[in-house]
């Protein structure tokens, strides 16, 4: 049989897990309830751990985002939608070429939405017709987007750009 304190901690953990670890899109009310659960309605004691209130020890916030954008390539480099990715721990752009011609793509990252680093190079990587390519976060930056251009200027193609991010 568990000690009373261990049993209380176990029961508190079960409630915490059921109420807060399954929330996919937390609202401000969810965060208020989360803080109240950890701290108690008037601050500590709330959920207790071995070293005191859990609110003083742990903050678990997981966020997931996904976007999809369809673009048509042309003869000049064009940036897709800029995303603020600094709040995420990791992200991946997937580029699916749904057209009949190849395209060059590159990841563009920026600290300020003005100055851009072209990754892996200004020429980008080729995604063939019907092919797929991806970029994962090479380094931390606040903004990211995909740049794209037709490999052969006279041959346009359609790209689906998907962003998956979590943090």
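The values are calculated or read from the model by the stated rules, or taken from the named source; none is laboratory data. All values derive from a computational prediction rather than experimental measurement. All Cβ positions, glycine included, derive from the backbone under ideal geometry; neighbour counts span all protein chains shown.
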Over the range 73-89, the set of residues surrounded by fewer than 13 Cβ atoms within 10 Å (Cβ to Cβ) and either at pLDDT 95 or above or within 26 Å of residue 129 (Cα to Cα) (or both) is 75, 76, 81
Exercise. Of the residues that make up the range 149-159, is at least one buried (at least 16 other Cβ atoms within 10 Å of the Cβ), closer than 13 Å to residue 83 by Cα and assigned by TED's automatic domain parsing to the domain that holds residue 83?
Worked result: no
Residue hits (the range 99-115; touching a strand residue (DSSP E or B) at 6+ places or on another chain (Cβ under 7 Å), surrounded by fewer than 18 Cβ atoms within 10 Å (Cβ to Cβ) and farther than 15 Å from residue 151 by Cβ) are 110, 113
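Within the range 116-142, count every residue that is within 21 Å of residue 70 (Cβ to Cβ) and surrounded by 18 or more Cβ atoms within 10 Å (Cβ to Cβ).
Taking the range 116-142 as the starting set, the residues that turn out to be within 21 Å of residue 70 (Cβ to Cβ) are 124-135.
Then keep just the ones that are surrounded by 18 or more Cβ atoms within 10 Å (Cβ to Cβ); that gives 124, 127, 133, 135.
Residues that pass the stated criteria total 4.
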